[in-house]
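First comes the structure, then the notes that go with it.
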Amino acid sequence: MDTIGNLFSFITGPVSWIIVQFHKLYGAVFGPDTGWAWGLSIVSLVIVIRICLIPLFVKQIKSMRNMQALQPKMKAIQERYKNDRQRQSEEMMKLYKETGTNPLSSCLPILLQSPFFFALYHVLSKIASGDTIGSLNQQLVDSAREAHIFGAPIAAKFMDDPGKVEALNASIVDVRIVTAIMIVLMSASQFFTQRQLMQKNVDLTVKTPYMQQQKMLMYIFPIIFAVMGINFPVGVLVYWLTTNVWTMGQQMYVINQNPTPGSKAQDHYLQRLLKSITQHGEVRGRRRRAVILAIVAKGPDRNDNERRFISSLAKAGYTAQADGTVEKVDPAVAEAEAAAARRQQPKRQTKAKRQTAPVQQGSTKHSLEKKADPGQSDQPSQQGKAGSGSTRQAKSGQRKGQQRPKHPSSKK
């Protein structure tokens, strides 16, 4: 890990300078040698980095949505050119260019954050060994070595030997308890962040391999972080736990305010929007008007959530306008217009109906051909007339065809 840290040594200077500036601020409040001063300095470093990465986070969300929407087309290209890898790659790149999708956009926040992560690791390693680095002079290094977070030095690791921990004026038991709790919290926050994305912000009507991959990552990433966490100093665990919590909160805000079409989050958002319209009698906010404008513009291409929203709006006595506003009308008229729009919508068949449709059409066609051929239709009746006289004709009120034999004990 030291080798990786040296590769990102070019950024250790800015990272150490930011930590020192925040340490001056928090040291004046909590004391320069306290764990609160150094711990909050690391937390503030995370906040600064994540604020700078907000535009990339928005691109990441858009890229993930585009990738999910393109999965059916990508699968069709793979099946069509499965024997021609070069043509398959060309068609994929053409699809990305036409839709403006960049597959690497979903990885940009992590890739751009990694230099800061390894630089912080390198800084804390130098602090543990008592060496100066960047803006941290010997006095600040000694102060950081003495700083403890809940009894654990910020430069100590779960796998450190007792002698090294004692040199930092701490107990190995305290270090392992604190690091174990932080590793569990770090892995749990990673799991719930991915779970929140999969359960609330995914279009459940589109089943693609991309969703299965994301579901696997939901379980794999926490395990990876737990295994790697035992080799991270306490300060790095503070950094990674803070960035996970930030990501979870940032993602929750985006999901609530800008959900993926067709997802559960969109259904909840439209229910809140409907409640606001019925309470105030108008659409409040430019962004909400833009949402209604987009739904109206879709017309027959609306998903189930959007159709339910338009129908509920009509029941409440409102109709959505093309400019994103709503107009108060007679509920009966609005409901009639919504019913007419629903009749224009093609009914969505289930998978079983789609599979049995060709079979039913074939059987119907076969039966029509049999009825159209008089020679074939008369043949069974002629055979029936030529049958033996032992066959009894069905009496009035009895079921025609072969009768079920009576039980031997019953009376004849």
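Any read-out appearing in this document is the output of simple, stated calculations on the displayed coordinates, not a laboratory observation. The structure presented is a predicted model; accordingly, all values stated were derived computationally and were not measured. Note that we place each Cβ from the backbone using ideal geometry, even for glycine, and neighbour counts take in every protein chain shown.
Please give me, ordered by residue number, the trypsin sites (Lys or Arg not before Pro) of region 67-101 that lie in loop per DSSP and have at most 15 other Cβ atoms within 10 Å.
Hits after loop and neighbour filter: Lys82.
Would you mind ranking Lys328, Lys126 by Cβ crowding within 10 Å, fewest neighbours first?
Lys328, Lys126
At 25 °C and 0.890 mPa s, grab the translational diffusion coefficient of region 90-192 from Stokes-Einstein with a Kirkwood Rh over Cα pairs, rounded to a whole number in µm² per second.
Rounded to a whole number, D works out at 148 µm²/s.
Provide Val123, Val46 in ascending order of the number of other Cβ atoms located within 10 Å of each residue's Cβ, fewest first.
By the 10 Å Cβ count, ascending, the order reads Val46, Val123.
First obtain the Kirkwood hydrodynamic radius of region 2-257 from its Cα pairs, then insert it into the Stokes-Einstein equation at 4 °C and 1.567 mPa s, and state the resulting D in µm² per second as a whole number.
For the chosen part, D equals 64 µm²/s.
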